[in-house]
Amino acid sequence: MTRGRAPGTVIIVARDPMQAARTETAVRELAGWRVEVCTPRQLQTVLAEHPGAIVAMRLGGADARRLLRAVRAWPRSPTIIAISDEPAALWTPAFRSLGLRAALPLGATTDELVSAIGAVHAGLLVLHPQALTESRTHDTSAAPGTPLTPREREIVELMADGASNRMIASRLAISRHTVKFHVASILAKLGARSRAEAVAVALRLGVLAV
C-alpha cells in the first residue's frame, strides 16, 4: 500500500474512549505501524515524541475545526486525516493549508481508513465519495452578492491601501493562509477576478468610503 515506504506512526485523537478504541482496532490492520492514542489536548505533546506521524482525528465538526485552528500556532503542521460527521465542511483550502490531507465520514469502513492512511503516507490527498457528494449538494462557497463579513471589510480596506497579503497578515495578526482564504471569499462575493477589481466593486457598492 505504501509502495516501498517504511511503516510509520498513526496518532489517533478522540474524546470518546469507545471511538478511540474502534479507530485503533481499524488502524491495527496496518502491519508494522505504530499506533498512539490521545485526546486533543495531549496531541502536541505526543507529536513532539513522534514527529512525522499521521494524525487521525475522530472528532465532531466543532472539535475538529477547533483543533485545526490550534495547529496554526504550532511550529510545524502535522499530516491530518479527519474522521468526522462533517467531512465536506472541513475540506476547505484553509484547513488543507494547515495539514488536512483526508476527510472521511464517521461511517468509513476499516478498509477505507486503512487505504486513506496509505494514500496520505504516499503524499496523496483523499476525499471520501460521501463527503464529495455532500460538498456538491451543499455548496458552501460564497455566492456573488453575499454580504462581506466585518473581517472581510477590514481586508478590503487594506487591499484598497495597496497592502499585500503579508502586510495584511501582519496588520491583523493572522496567517497569510487565512488572508488568502478571505481574499478568495471577497473576490467570490464581489464577483471580481482580481484584487483591483474587488476594490473597485467595493467602492461602487459603498462597502468602502471614498
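May I ask you to list the residues in the range 157-179 that are assigned to a helix (DSSP H, G or I) and within 13 Å of L98 (Cα to Cα)? Of everything in the range 157-179, those that are assigned to a helix (DSSP H, G or I) and within 13 Å of L98 (Cα to Cα) turn out to be R176, H177, T178. Taking (1) open to solvent by 10 Å² or more (accessible area, probe 1.4 Å); (2) farther than 21 Å from V35 by Cα in turn, G107 satisfies each apart from (2). Put simply, of L104, L100, L90 the only residue that is closer than 30 Å to A169 by Cα, among the aliphatic types (A, V, I, L, M) and at pLDDT 90 or above is L100. Within the range 154-185, the set of residues being closer than 15 Å to E197 by Cα and either of a type in the set (D, E) or open to solvent by 70 Å² or more (accessible area, probe 1.4 Å) (or both) comprises E157, D161.
The values are calculated or read from the model by the stated rules, or taken from the named source; none is laboratory data. Keep in mind that what you see is a predicted model, and the values were worked out from it rather than measured. Keep in mind that these areas ignore ligands, DNA and RNA; they rest on the heavy atoms of the full protein, side chains included. Shrake-Rupley method; radii C 1.70, N 1.55, O 1.52, S 1.80 Å.
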